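Chemist: One structure, as structure tokens, below. Some questions next.
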Amino acid sequence: MSTELILARLSLFIIQAGLAFVLSLVLWHFYRIYQRHYLKSWSVAFLVFAAYVICLAGYSMLGGSPDAWRPLWLTFEFSYIFSCYAFAIWVLVGVREAVTSERIPSRIINQLLWLVGIIALFSVAVFAADSEINPWKRYLQVNLRLLFIGSALLVAGVWLFSLQNKIFVTKLVASSILLWGTLFVLVALLSVWLGQGETLDRVVIVNKHLELFCQTILGLGLIIWLQEDERTANMQLTAKTQYLDSHDHLTGALNRDALLQELNQLMQQQDDEPLLLVMVGLDRFKTINESVGLKQGDRILREVTRRFEASILKPKFIARTGGDIFALVLADIKTEKQRQFSLQHIEQQIEKPFSFDSSLLKLTASMGVAMSPGHANNAESLLQKANIAFHQAKRQQQRWVQYHSGMEEESARLLLLERELLAAIEQDQFVLYFQPQFNLREQRIDAFEALVRWQHPQRGLQMPAQFLPAVAQLGLSQRLDLAILEKAVATLGRWRSQNIQTPVAVNMSPIHFEQEGLKQNIQQLLQKYQVPSTMLELEITENTAMGDMEKGRNFVTELQQMGIRVSIDDFGTGYSSLGYLRKMPIDKIKIDRSFITDMASSDSDMMIVKTMITLAHGLGKRILAEGVEDENQFGLLRHMACDAVQGYLIAKPLPELQALALLHKPESVKN
């Protein structure tokens, strides 16, 4: 090779290595800023390419040196071959990470580098002892190497062209990589065709100029691509931020602020066209979350949103305004029949069972309804009134409630009453009165029923009818039941310390009886106050027992196994099913006072009472008559073999001390 060609080739090597090194530094700088892993891979690729060019230059310069320089020459030979293969690996890694946006594990990259290192070492070691040029050495070290790196660049270019959303700079980078790969393949083929000589040397010089051109275009393209990629990422982040500002991140439904904004615009556009705003709240969702887990609870919320979106009602807007509360805006609801159909359809969407891995879960919902323009002319007022109606439906345990004028005052009153009731529970303002249950066979008091009163700090002693409906309406029945249950068990504990073994019956609200955890609460209270379970009796209504026959029967059986007796209160006012009496393992039946009041003057009532007593005895259950207030009723019941009576004739509900005094003076009780 002439001196001119040597100098020209050396200068190209230096320029090419310098450009690759600068590109490596620039890409590494951007990697540290943006933390994109493909930038790191490309930075390493260009650094390795710079090392490849430098080692190739050193190998070429030492080609005609004496044997003393041979170890260094072989080192350069291995280094340029290995770095050439490594460059191809890192290019493929960088392009793959850019295309898939996924980082390739270091373990895989290291395995590939070890593989090409072994190939490079083999190609050098096989011909290390040869002093003359071996054609096979050229095929293995030059042609195969050039074909490998060219193929790798071609694959990388095709990968980039496979991107879905290609911009101009992406096409430019892909084209430069394809051209660069094509040059490597062409030089490999021309090397085989032309063989050694000055012609091939000139071809290599021209190829190096073209490589330098491709390298420059590729470097500029990568930097521009990075800027475009970052701009696109910022735009996507801005769009995502805007989406999250207006949508619920869990369900994808609108959030409250976005609903108000969109609803205001719709109300202005619709003018006087009717709109229906429905607030939908899932019942007992907190309990469901605790039983199935938060992850499954989130699945339910997403499924509810999906069902609303697929609904035939085609809501204008779907929003999630609270934990388990959704808002639906419906248009074209002009008649009462359409409104009823829409609400029933929403209810059906909620009640459709939700499937889990091994079970089905059925939910119910409460709904509040407000209409525009009838109830409000702006979104915030309409949402507020639908929310008032929704909470009214929750308190009254109704499927849905439509807003009406004056509901705000009622809500404010209930809110004040709720605060007072919660304070009463916390401050122990509820007191127990005890009404005796008189055993007609043994002529003695054999139990008391605990009846609650509210010792209000301003209004004095409040009777149950004055506050229990509000307690149920506000959803505080369970909390009050638990407070009453604890007071009753604590009373039994005091009585036991005085050697009084008289049982006490406590009323349970339906909602508390159906809740999980009641049995555990009772066990804890009995242990806390050292009370035998046989001294406690629970009273439930027959509608409570019939609500879920299988579940109710199992629960009553568990209570009986603990030694706790269960009675059916107000018998005859509910379902009055003979089937549940036979199946439900209850201890005692209490005939409602409505049958006792007119028993003496009504043959039908007397026949009903007599039938109830006979039926109870036939089923092996004790029976008690409530509301006994005169001698005539008392005599008839004793004649009909009723087991026990309770009422004002025996004694009215008494404070604890008076009840104990009555218990200790049996002569003061009706004989």
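Chemist: With a 1.4 Å probe and all protein chains kept in place, how do Y433, Y38, Y648 rank by accessible area, largest first?
Modeler: Result of the area sort, largest leading: Y648, Y433, Y38.
Chemist: Using θ = phi - 60° and the Karplus curve 6.51 cos²θ - 1.76 cosθ + 1.60, what whole-Hz ³J(HN,Hα) does each residue of the range 601-606 get, with Gly and Pro shown as x?
Modeler: Ordered by residue, 3J(HN,Hα) equals 9, 10, 4, 5, 5, 4 Hz.
Chemist: Same structure again: What number, in percent, do you get for the relative contact order of the range 425-472 if the mean sequence gap of Cα pairs under 8 Å and at least 6 apart is divided by its residue count?
Modeler: Rounded, it is 29 percent for the range 425-472.
Chemist: Once amide H atoms are placed 1.01 Å from N in the peptide plane, what residues at a sequence separation of 5 or more from I586, or on another chain, have their amide H within under 5 Å of its amide H?
Modeler: Those lying under 5 Å, H to H, from I586: there are none.
Chemist: Starting at the first residue of the range 90-97, write each ³J(HN,Hα) from the Karplus equation 6.51 cos²θ - 1.76 cosθ + 1.60 with θ = phi - 60°, in whole Hz, x for Gly and Pro.
Modeler: 5, 4, 4, 4, x, 5, 4, 5
Chemist: Helix 144-161 versus the longest principal axis of the chain: what is the Cα-based angle in degrees, 0 to 90, to the nearest 10?
Modeler: Roughly 40 degrees, rounded to the nearest 10.
Chemist: Quick one: how many Å² of H664 are accessible to a 1.4 Å probe, rounded to 10?
Modeler: In the full protein context, H664 sits at about 120 Å².
Chemist: Something else: Considering the options L415, T364, Q340, tell which one lies farthest towards the positive end of the dipole of the range 334-474, charges being +1 on Lys and Arg and -1 on Asp and Glu at the Cβ, about the Cα centre.
Modeler: Value: Q340.
Chemist: Using θ = phi - 60° and the Karplus form 6.51 cos²θ - 1.76 cosθ + 1.60, what ³J(HN,Hα) does each residue of the range 583-600 get, whole Hz, x for Gly and Pro?
Modeler: 8, 7, x, 8, 9, 9, 10, 10, 6, 5, 4, 4, 7, 7, 4, 9, 4, 5
Chemist: Suppose we flag GluC sites (Glu not before Pro) only when DSSP calls them loop and at most 13 other Cβ atoms lie within 10 Å. Which is the longest uninterrupted stretch of the chain?
Modeler: 133-441
Chemist: What is the set of long-range amide H partners of A625 at a cut-off below 5 Å, with H atoms built 1.01 Å from backbone N?
Modeler: I591, A644, V645, Q646
Chemist: Sticking with this one: Hey, any idea what % of the range 325-381's accessible area is carbon plus sulfur with a 1.4 Å probe?
Modeler: In the range 325-381, the share of accessible area belonging to carbon and sulfur is 48 percent.
Chemist: Follow-up. If I104, I109 are ordered by their accessible area, calculated over protein heavy atoms with a 1.4 Å probe, which sequence runs from highest to lowest?
Modeler: I104, I109
Chemist: Assigning unit charges at the beta carbon (Lys, Arg +1; Asp, Glu -1) and nothing else, what dipole magnitude in debye, to the nearest 20, does the chain show about its Cα centre?
Modeler: Dipole magnitude for the chain comes out near 1340 debye.
Chemist: Additional query: Mind grabbing the accessible area of V158 for me, 1.4 Å probe, Å², rounded to tens?
Modeler: Looks like 90 Å² after rounding.
Chemist: Please give every one of the lysines within straight-line cross-link reach of K334, meaning a C-alpha to C-alpha distance under 23 Å, and leave out same-chain neighbours fewer than 8 residues apart.
Modeler: K314, K316, K385
Chemist: Taking the chain as the reference, fit the longest principal axis to its C-alpha atoms, fit the long axis of helix 407-426 to the helix C-alpha atoms, and give the angle between the two in degrees, 0 to 90, nearest 10.
Modeler: It works out to around 80 degrees.
Chemist: Could you please put F595, F354 in sequence from largest to smallest accessible area, using a 1.4 Å probe?
Modeler: F595, F354
Chemist: Expressed as a rounded percentage, what relative contact order does the chain have, with Cα pairs under 8 Å and six or more residues apart?
Modeler: 7 percent.
Chemist: Same structure again: Leaving out ligands and nucleic acids, and using a 1.4 Å probe, what accessible area per residue does the chain come to in Å²?
Modeler: That works out to 50 Å² for each residue.
Chemist: May I ask what percent, to the nearest 5, of DSSP beta bridges between residues of the chain are antiparallel?
Modeler: 60
Chemist: Sticking with this structure for a sec: Quick one: which residues, 5 or more positions from L275 or on another chain, have an amide H under 5 Å from its amide H? H modelled 1.01 Å from N in the peptide plane, none for Pro or chain starts.
Modeler: S372
Chemist: Of the heavy-atom accessible surface of the range 604-652 (probe 1.4 angstrom), what whole percent is carbon and sulfur?
Modeler: The value for the range 604-652 is 57 percent carbon and sulfur by accessible area.
Chemist: Percent of accessible area on the range 232-315 owned by carbon and sulfur, 1.4 Å probe?
Modeler: 48
Chemist: Can you list, bin by bin at 10 Å, the percent of alpha carbon pairs in the chain, starting at 0?
Modeler: Final binned percentages: 3, 11, 15, 12, 10, 9, 8, 8, 8, 7, 5, 3, 1, 0.
Chemist: To the nearest 10 degrees, how steep is helix 198-246 against the longest Cα principal axis of the chain, on a 0 to 90 scale?
Modeler: That works out to roughly 20 degrees.
Chemist: Multiply the residue gap between F341 and E656 by 0.36 nm, knock off their C-alpha separation, and tell me the result in nm, one decimal place.
Modeler: 108.0 nm
Chemist: At most 14 other Cβ atoms within 10 Å and a DSSP loop assignment: could you name the trypsin sites (Lys or Arg not before Pro) in the range 312-370 that fit?
Modeler: Within the range 312-370, the qualifying trypsin sites (Lys or Arg not before Pro) (loop, at most 14 other Cβ atoms within 10 Å) are K334, K362.
The values are calculated or read from the model by the stated rules, or taken from the named source; none is laboratory data. Treat the numbers as computed from the prediction; the structure is a model and nothing was measured. Note that each Cβ is placed from the backbone with ideal geometry, even for glycine, and that neighbours are counted across all protein chains shown. Calculation scope for accessible area: heavy atoms of the full protein, side chains included, ligands and nucleic acids excluded. Shrake-Rupley method; radii C 1.70, N 1.55, O 1.52, S 1.80 Å.
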